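Computed from the coordinates by the stated procedures, all read-outs in this text should not be read as laboratory data. Given the structure is predicted, the values throughout are model-derived calculations rather than measurements. Here Cβ is always computed from backbone atoms with ideal geometry, including for glycine, and neighbour counts include all displayed protein chains.
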Amino acid sequence: METEERNNILNLNKRVEHEHVEEPCSSSSNESRSRHGKQSTQESVSTIENIGEIIKLNLHGSDLIVCSFVAALKSYRIDCCLRPFPQYFLNANSEKDFSSLRNACDKIPPLQDLLSVPSKSISDDVRNLLKWLFIDSGFPVLKPFPVNKLPLSVVNEKTSINALPQYVFEVTYNKKIETMWKNRIGNRTIFYAFHGSFVENFFSICKFGLQQHFNRGKEVIFGNGIYLSNEISVCTMYAPFGETWKKSVLGNKQSIIAICEVINDETEVKCKDEKNKKREINENSYGAIPEKYFVVTNSELVKVKYLLVYRHKAPSVVTSFIKKHFLWIAIILYFALLVFIGILNGPYWRKFTKYFY
């Protein structure tokens, strides 16, 4: 019995000693988690502050980046338009989680309000998305640019039907891309031309440049290639207004036309040329390329330099009502006219006029 009691006491002492030894480990683990949590919070706050500085320096350019991203996200060709895709929204199987991405987009506050929103109130998914858009993705900077300094006229001088764009942005790439472009030009000359496309395409266009697959349905006319023109009126039909971001300071519907730098290569830039008739014919073309058109068969010869952004003006309440109920308004006015004519030809009107004549 005494032996058993001594053994029980020894075992109890061992358990007590063991628990005393584990307590510091548990305490240090808690301290480590606490430090990690504080560090993570500090990083989140720092990230939001960096994003806030970017937006503060360039509100409209940052807003257009979000607009083009949301337009691509809304497109039925989302897989083609939304490239690159933010890695934060890939699930465990590395599949694109569009639902989570849409939820994050819906929670982004207006960018002008983001500057005054407390950093801690911004959710992780919104913070990750904004970080990817403005820092991680390598998207070019869109700087506001004066319309009167553009290399091409943005008004159709013959008819003056094209209004000036509400916003103009210069697309500024990193040094590596700019150096590659200068080396590609070499001794050749460049010229400027317009390109119109759907709003949903411009997120990928700004990131990867113009590619032939963006010319939906146009390549069958004058062969495969990137279609451009030296007159803006030619491009407006290919740049319809599209719905973008509802919280944008640029409006929730825009039309975008790009002004591109084009390397004047006689072999791969097809256009009307009196001195070189072979240049007017492209492979798989139904005929000679007409004036004002350029078809570039090599995407490396084109660089988007400026973006012209047109803001959709919502019609007034009266105009909207008339358009919506035009048929009924026409019928009512017609019957009112008949009643008025009947009154003029009736006896009461004649009796009424006798008092004045």
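A few points about this structure:
- Residues whose amide H lies under 5 Å from that of residue 108, counting only those 5 or more places away or on a different chain, are absent; hydrogens are built 1.01 Å from N in the peptide plane.
- In region 110-207, trypsin sites (Lys or Arg not before Pro) in a DSSP loop with at most 13 other beta-carbon atoms within 10 Å: 158, 188
- Phi-derived couplings, Karplus 6.51 cos²θ - 1.76 cosθ + 1.60 at θ = phi - 60°, listed residue by residue for region 167-178: 9, 10, 10, 8, 8, 10, 9, 6, 4, 4, 5, 5 Hz, with x used for Gly and Pro.
- Local charge for residue 115 was computed over the other residues whose Cβ lies under 11 Å away, with Lys and Arg +1 and Asp and Glu -1, and equals -2.
- Neighbour counting of Cβ atoms within 10 Å sorts the residues 228, 129, fewest neighbours leading, into 129, 228.
- Amide H contacts under 5 Å for residue 210: 304, restricted to partners 5 or more places along the chain or on a different chain, H placed in the peptide plane at 1.01 Å from N.
- Karplus 3J(HN,Hα) series, Hz, for region 226-237 with 6.51 cos²θ - 1.76 cosθ + 1.60 (x for Gly, Pro): 8, 8, 9, 8, 8, 10, 5, 4, 5, 8, 4, 5
- Formal net charge of residues neighbouring residue 145 (Cβ-Cβ distance under 10 Å; K, R +1; D, E -1): +2
- Under the Karplus curve 6.51 cos²θ - 1.76 cosθ + 1.60, θ = phi - 60°, whole-Hz ³J(HN,Hα) for region 187-192, x wherever Gly or Pro sits: 8, 7, 9, 10, 9, 10
- For residue 141, residues with placed amide H under 5 Å, excluding near neighbours: 172
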